[in-house]
Amino acid sequence: MLRLAISVSLLLAGGCERNGVLLWRAQSRGATIYLLGTVATREGEPARFDPRIEAAFRASDELVLESRVDPGASIEFQDRVLKVVHFPSGDTLHAHISPELEQKLAKVAERAGGSIDGLQPYRPWFIAIVIGNEEKKRLGYPISRPIDRHFADAAAMPVSYLLSPEDVVPMLTGLSEEANADCLAETLEATSGYDSDLSDAYRAWRRGDERAFVEAKRKQMAKHPRCARELREARVPILTRKLLHLFEEPKITFAVVNAMTLVEDDGILATLRGHGIAIEKL
């Protein structure tokens, strides 16, 4: 293990003059966690990973993914979510979104062969998820996250997960009234530009250009920031707390986490540094 750790350190150091990667090494109390920030990709992208990423993966004792990516994962999440997506009896979507947003949603529903009446029982965050996922699938972006699946399929080591449906569902049901409407409004506006927005973020990720990546993601959220802000405020502390537990045992872990939750002053990396974790971008 020590020889392998030394070898990977030399390889990672030797690659510093190449393009960047959204990969960080966090170390504390004899434990090392390689944190790979990921992004939505089309099926089959990228075909190959930077050697620094593959070297860190091969050097690790354990793989940690943000959440499950096996075929049963979406079924488990769907079963949990369907219990909380409806308004209480007597309440409807109409009372929770503006007339302008309802008109936009009605047009989307009609194009899909439905009607706004059929959406009245459902909460805005759920409608946003369904519409967003369908548009991403149409563009070739699968829900099951190809980058995460690459490592899950290649792992000859224990695999664990940071988030379960029991973690994620309270994030959604805990959104404020304003954030709920923001999530839906953002999705309805973003679908027309998903192809270019997702491609911009992927290209920046591929180059390891953290600044361009953040700018691309901010562009997507600029008009309706409250949805992303509230979800981030709920998500980052949970992920950070679970990552901190990984430093309790002196081993090497390869963790695959949504890149946007890692970066910026309120992200996972900054929070880990606040706990005295030494972090280096590779």
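Computed from the coordinates by the stated procedures, all read-outs in this text should not be read as laboratory data. Model, not experiment: these values are computed from the prediction. Glycine gets a Cβ as well: all are built from the backbone with ideal geometry, and neighbour counts include every protein chain shown.
Remarks
- Principal-axis analysis of the Cα atoms of the chain puts helix 210-221 at an angle of about 10° to the longest axis.
- Building the convex hull from the alpha-carbon atoms of the stretch 163-282 and averaging its projection over directions returns 8.5 nm².
- The residues packed around Glu66, meaning those with a beta-carbon under 11 Å from its beta-carbon, carry a net charge of +2 if Lys and Arg are +1 and Asp and Glu are -1.
- In the elastic network of the chain, a GNM with C-alpha springs shorter than 10 Å, the most mobile of Ser28, Ser144, Ser89 is Ser89.
- q = 0.15, 0.16, 0.17, 0.25 Å⁻¹: log10 I(q)/I(0) that the Debye formula gives for the stretch 81-121, counting C-alpha atoms only: -0.38, -0.43, -0.48, -0.89
- Rounded to whole numbers, the Karplus 3J(HN,Hα) couplings from phi for the stretch 178-195 are 5, 5, 4, 5, 4, 4, 5, 4, 4, 5, 5, 7, 6, 4, 6, x, 3, 4 Hz, using 6.51 cos²θ - 1.76 cosθ + 1.60 with θ = phi - 60°, and x at Gly and Pro.
- Integer Hz, Karplus 6.51/-1.76/1.60 couplings in order for the stretch 31-40, x for Gly and Pro: 9, 10, 10, 8, 10, 9, x, 10, 8, 5
- Spherically averaged projected area of the stretch 212-282 from its Cα convex hull (nm²): 5.4
- Subset of Lys83/Lys219; Lys137/Lys242; Lys137/Lys217 violating a 26 Å alpha-carbon distance limit: Lys83/Lys219; Lys137/Lys242
- Qualifying aspartates and glutamates (Cα of each under 15 Å from Cα of Lys136; at least 8 residues distant if same chain): Glu43, Glu45, Glu186, Glu189, Asp195, Asp197, Asp200
- Between 0 and 90°, nearest 10: helix 71-81 axis offset from the chain longest Cα axis: 50
- Between helix 124-138 and the chain: long-axis angle, C-alpha atoms, 0 to 90°, nearest 10: 70
- Shape box of the stretch 82-181 [Cα atoms, principal axes, largest first, Å]: 52, 29, 20
- Considering only Leu162, Pro99, Asn180, the residue lying farthest towards the positive end of the dipole of the chain is Leu162, judged by Cα position with unit charges set on Cβ.
- In this Cβ point-charge picture (+1 for Lys and Arg, -1 for Asp and Glu), the chain has a dipole of about 800 debye about its Cα centre.
- Within a Gaussian network of the chain (alpha carbon springs, distance under 10 Å), most fluctuating of Lys83, Lys107, Lys219: Lys83
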